[in-house]
Amino acid sequence: MKKIIIANWKLNPQTLKEAKRIFNSVKKVAGRLSKVETVICPPFVYLSALRATGAQDVFYENPPAGGGAYTGEISAAMLKNLGVKYVIIGHSERRYPPVGGGETDEIINKKIKTTLEAGLKVVFCVGEKKRDGEDEYLNFVRNQIKEGFKNIPKKFFNPPAGGLIIAYEPVWAISSQKRAKADNPESAFKMAIFIKRVLLQKIPILYGGSVSPENAGGFLFKAGMNGLLVGGQSLIPENFIKILKIANNTK
Ligand code: PEP
């Protein structure tokens with residue numbers, strides 16, 4: 001299976017010109033790497049101009065039952081129509097935004113269903129806010145998975161057609177957090193095994209949280225992750241390209 005490397009650009013960059021510069025630098029190299037599936041998730045406004053294949057979010061109904069009266073929202077059908085293939089759902093910055101009003105497990109579950117039904121792949125983010133020294137954080141993640149996948153039909157769990165991917169992103173490891181520090185491959189490995197046990201299904205598991213060219217290999221090859229979700233470093237083409245090349249180095 002190809003390694004899946006996903007770039008989450010978040011609210012960056014501020015101009016289409018800069019977005020094109022980053023995207024085109026990465027694309028030139030990514031197109032030559034046969035063992036990596038590269039997915040760039042720019043802000044919605046750049047999707048069309050870049051012909052990017054990833055989105056950072058989606059609305060939870062499709063088509064909206066209220067006749068589309070949802071100001072500012074974007075549906076899975078709209079994304080599909082633009083050529084998008086992957087949608088990030090449940091990112092911690094949407095679950096726990098700085099100004100409140102975050103997404104609940106119920107909303108996330110609806111988004112997952114809607115997106116899969118539209119024929120798109122879901123990158124479902126899970127991860128604990130803190131590690132307690134005990135194994136309580138494992139239960140926290142188990143619960144997020146159970147709630148997110150509630151009543152999702154079995155067929156969506158079968159790769160490659162299935163469409164479900166899990167991104168394990170411990171919130172404390174995300175670079176925007178104070179004192180963020182990447183997890184280590186050993187504990188990420190423990191989590192990957194745990195998630196596989198919870199799911200009892202074989203779906204790809206990615207690691208996210210302060211990924212850099214220095215630690216990417218550890219997560220891919222020691223922790224046995226199927227790919228990575230990369231935030232900050234995906235905006236620096238040289239570094240993101242290094243990560244892609246490391247991932248392509250699979251035997
Ligand atoms: C993210 O927020 O999805 C992420 C992985 O960010 P970073 O790589 O910057 O920690």
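The values are calculated or read from the model by the stated rules, or taken from the named source; none is laboratory data. For clarity, every value in this text was computed on a predicted model and none was experimentally measured. Reconstructed Cβ throughout: ideal geometry from the backbone, glycine too, with neighbour counts over all protein chains shown. Just so you know, the surface numbers come from the protein's heavy atoms only, side chains and all, with ligands and any DNA or RNA stripped out. Shrake-Rupley method; radii C 1.70, N 1.55, O 1.52, S 1.80 Å.
In the stretch 232-245, the qualifying residues are those that are open to solvent by 20 Å² or more (accessible area, probe 1.4 Å) and in a helix (DSSP H, G or I), and the one that is nearest to the ligand (Cβ to nearest atom) is Gly232. Would you check which residues across the stretch 71-107 are in contact with a Phe, Trp or Tyr (Cβ under 8 Å, 6 or more places away or on another chain) and within 16 Å of the ligand (Cβ to nearest atom) and list them? Result: Ile89, Gly90, Gly102. Filtering the stretch 138-145 for residues that are surrounded by fewer than 18 Cβ atoms within 10 Å (Cβ to Cβ) and not in a helix (DSSP H, G or I) leaves an empty set.
Does at least one position in the stretch 199-210 carry a residue that is in a loop (DSSP other than H, G, I, E, B), out of contact with any Cys (no Cβ under 7 Å at 6 or more places or on another chain) and modelled with pLDDT of 95 or more?
First pass over the stretch 199-210, keeping only residues in a loop (DSSP other than H, G, I, E, B): 200-204, 209-210.
Checking which are out of contact with any Cys (no Cβ under 7 Å at 6 or more places or on another chain) leaves us with 200-204, 209-210.
Subset that is modelled with pLDDT of 95 or more: 209-210.
Within the stretch 199-210, one or more residues are in a loop (DSSP other than H, G, I, E, B), out of contact with any Cys (no Cβ under 7 Å at 6 or more places or on another chain) and modelled with pLDDT of 95 or more.
Is there a residue being surrounded by fewer than 16 Cβ atoms within 10 Å (Cβ to Cβ), within 18 Å of the chain's Cα centre (by Cα), within 30 Å of Glu117 (Cβ to Cβ) and away from the ligand (no atom under 16 Å from the Cβ) anywhere in the stretch 221-231? No; the residues of the stretch 221-231 include none that is surrounded by fewer than 16 Cβ atoms within 10 Å (Cβ to Cβ), within 18 Å of the chain's Cα centre (by Cα), within 30 Å of Glu117 (Cβ to Cβ) and away from the ligand (no atom under 16 Å from the Cβ).
Which of the residues that make up the stretch 157-189 are within 13 Å of the ligand (Cβ to nearest atom), at negative phi, in a loop (DSSP other than H, G, I, E, B) and of a type outside the set (Ser, Thr, Tyr)? Residues satisfying the conditions are Glu169, Pro170, Ile174, Gln177, Lys178, Ala180, Lys181, Ala182, Asp183. Could you list, in sequence order, the residues of the stretch 161-213 that are in contact with a strand residue (DSSP E or B) (Cβ under 9 Å, 6 or more places away or on another chain), within 13 Å of Arg142 (Cα to Cα) and open to solvent by 10 Å² or more (accessible area, probe 1.4 Å)? Hits for the stretch 161-213 are Lys196, Leu199.
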